[in-house]
1. Go through the stretch 332-354 and give me each residue that's under 18 Å from GLY264 (Cα atoms), surrounded by fewer than 24 Cβ atoms within 10 Å (Cβ to Cβ) and of a type outside the set (S, T, N, Q).
2. Within the stretch 361-395, work out how many residues are assigned to a helix (DSSP H, G or I) and over 21 Å from the mean Cα position of the chain (by Cα).
3. Quick one: what pairs do we get from the stretch 216-241, first residue more than 18 Å from ASP289 (Cα to Cα), second in a loop (DSSP other than H, G, I, E, B) and basic (Lys, Arg), C-beta under 7 Å, 6+ apart or different chains?
4. Quick one: is ASP206 closer than 18 Å to ARG403 by Cβ and part of a loop (DSSP other than H, G, I, E, B)?
5. Out of THR91, THR136, report the one residue that is surrounded by fewer than 20 Cβ atoms within 10 Å (Cβ to Cβ) and either in a strand (DSSP E or B) or of a type in the set (Ser, Thr, Tyr) (or both).
6. Give the number of residues within the stretch 140-174 that are open to solvent by 60 Å² or more (accessible area, probe 1.4 Å) and of a type outside the set (D, E, K, R).
7. Pick out the one residue from ALA433, ALA418, ALA425, ALA374 that is in contact with a helix residue (DSSP H, G or I) (Cβ under 7 Å, 6 or more places away or on another chain) and over 16 Å from ARG189 (Cα atoms).
8. Kindly state which helices (runs of 4 or more DSSP H) lie completely within the stretch 217-280 and contain at least 3 residues that are open to solvent by less than 10 Å² (accessible area, probe 1.4 Å), in contact with a helix residue (DSSP H, G or I) (Cβ under 7 Å, 6 or more places away or on another chain) and of a type in the set (A, V, I, L, M).
Amino acid sequence: MGKALRWLLGLALLIGALGTAGAADAAQPHTDVAAAPAGPGTDIEDRILAIPGMSLLQEKPVDGYRYFVLGYTQPVDHRHPSRGTFEQRITLLHKGVDRPTVFFTGGYNVSTTPSRSEPAQIVDGNQVSLEYRYFTPSRPEPADWKKLDIWQAASDQHRVFAALKKIYPKHWLATGGSKGGMTATYYERFYPRDMDGVVAYVAPNDVVNAEDSAYDRFLATVGTPACRERVESVQREALIRRAPLEARYADWARAGGYTFDTVGGLDKAYEAVVLDYVWAFWQYSLVSDCDSLPADAGAATDQQIYDSVDAISGFSAYTDQGLATYTPYYYQAGTQLGSPDIRQPWLGGLSRYGYQPPRHFVPRSIPMRFDPSAMPDVDGWVRHHADHMLFVYGQNDPWGSERFRVGQGSHDSYVFTAPGANHGADVAGLVPAQKARATARILAWAGVASPTVQRDETKARPLAPFDKRLDERPLTRGPATLP
C-alpha cells in the first residue's frame, strides 16, 4: 500500500536539533498577535475581523450559531516570521463568548460545511477548525517543504489560539481524529500551557518507523477467522488476476485522464491499491460488513473482484491526481510521522513490490529525509507529562496497533478503547463506565461540569442535544488509507 497510507478524511533531525528550543519558545506567547480592540457589545464578526491578519471569506447560516470561514495570515517560518507569509483557512462555529471553545484539527483540508465535533457537542461550545499548513489553499507559494513539520504546524495553532483567546476567554479543548488527533497531541507537546484538555481520537503513534510487527499481530487476530479469510481471499484473487484486472484499470484511467508518473506506473499503482485492501477494510468496516464481500472469491467474476477492491481501496488512490491533494501528508509520513509496513503472508509470492514507502507517493522534485527522533520525543512526552489528555481508539482499527499511552508522571489522562469499533471510534461507543468517565472529564476540563457531575460522573451527559445536521460524523474516505 504505500506503507499503509490512504482513504479518510502530524521531532525531526531538524526538530531534534531545535525541538528543545522549540518547546521552550512554545511556552512564550508570540508578541506579534494584537488584541482585538472591540468590547463585549460589539458584533462578533467585527471583533474577529479586528484581529490583525484575519479576513472573512464566507459566512453561512446555521441555526443556533454563526458560522464563519476565515483566512488568517501566518508566517511560513515561525522562527523567522519576516521570511514570508501565507493565508491559512479557519472555520468558526460561534455559540457565545461565555461558552468554552473546542479547537478542532483534522490534519488535512478543513471542511467548510458546518459540523460539530463530539467534544463541542459534549460541552455545548464554540468550535474553531484549522486547515493544516501546506494543504491547498493553505500553502505558501512557492512552497518551502522544509517548513512543513509538526512544530511549525503546532505554532500555526498556537497563533490562532493566542489571537482568539482574547475573544473567547473561557476554557479551551483541543481535539481531532486520526491525523487530527496526532496534530492535537503534537500541539499539546509543544504548547502545553494553551489548552485546558485534549481529546485525541484514533491517533496513530509510530514511535519506531522500522519496527511494525504490531500491525502484523493485529491483522492476524482482528475480527473473526471467517471474516479475515474472506477479506484475504479477495485480495489474493486480485493479484492472481492481475493481467485482466489491470486491463480494466488501464481502460478506466484512459477514460478519466488519470496518470501514474509519481508512483512509477500503472502496475505499481494497481498493486498498491490491492495491498491496501485488508487494511482499508478493517479501518472503515465492521465484522458485519464481511457479508458484503464475495463469499467465494475464487468463483467470483473479474468484475466482482475489481468492484470490491475499488469499493474498499479505491483505484484513484495512487493516480497522480489522487496523490496530489495528499502530498503534504505523504511528505510528513516520510520525514517525521512514520508509516506502517505489513507483511501480509497470506499473499505468498504474489506481491512484486511489497508495501511501498511514502517516498514513492511524493514527486521526486520534493526532497525528503526521515527524522527518527520526532516521534520518540512526542511519545516520551505523552507518557511522562500528559495532563488532561484523553485518547480514544477502536478495537478493530489497524491504526490503533501503535498508539499513545500514558504512564508515570502523567496526570488525569486516559487511554480508552471502544469495543468492536473501527477508525470512527468515539466516546459514545465506549463501555458505560469509560463513557461516563470520559464525558465527565471533558466537561470538567472545559469548566462546565455541574456539581452533580462533579459528585457522580455517571450522571455526565453531553450538554447539547444531538443535531443530525451538525453531529452526524460518517467516516469519509479519501484516496488511500490515510490516518
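1. Start the filter on the stretch 332-354 by keeping residues that are under 18 Å from GLY264 (Cα atoms), which leaves 334, 351-354.
Within this subset, residues satisfying the condition of being surrounded by fewer than 24 Cβ atoms within 10 Å (Cβ to Cβ) are 351-354.
The answer is ARG352, TYR353, GLY354.
2. Step one: of the stretch 361-395, the residues assigned to a helix (DSSP H, G or I) are 361, 374-385.
Then drop every residue that is not over 21 Å from the mean Cα position of the chain (by Cα), which leaves 384-385.
Residues meeting the conditions: 2.
3. From the stretch 216-241, the pairs are ASP216/ARG343.
4. Values: closer than 18 Å to ARG403 by Cβ: yes; part of a loop (DSSP other than H, G, I, E, B): yes.
So ASP206 fits the description; yes.
5. Working: THR91 fails: surrounded by fewer than 20 Cβ atoms within 10 Å (Cβ to Cβ).
None of the others qualify; the one that does is THR136.
6. 3
7. Working: ALA433 fails: in contact with a helix residue (DSSP H, G or I) (Cβ under 7 Å, 6 or more places away or on another chain); ALA425 fails: in contact with a helix residue (DSSP H, G or I) (Cβ under 7 Å, 6 or more places away or on another chain); ALA374 fails: over 16 Å from ARG189 (Cα atoms).
Criteria check complete, one pass: ALA418.
8. Values: elements: 225-240, 242-256, 266-275.
Fully inside the stretch 217-280 and qualifying: 225-240.
The values are calculated or read from the model by the stated rules, or taken from the named source; none is laboratory data. This structure is a prediction, so every number in the text was calculated from the model and none was measured. A quick note on method: Cβ atoms are made from the backbone with ideal geometry, for glycine too, and the neighbour counts reach across all protein chains shown. Each accessible area value is taken on the protein alone, full model and side chains, heavy atoms only, with ligands, DNA and RNA left out. Shrake-Rupley method; radii C 1.70, N 1.55, O 1.52, S 1.80 Å.
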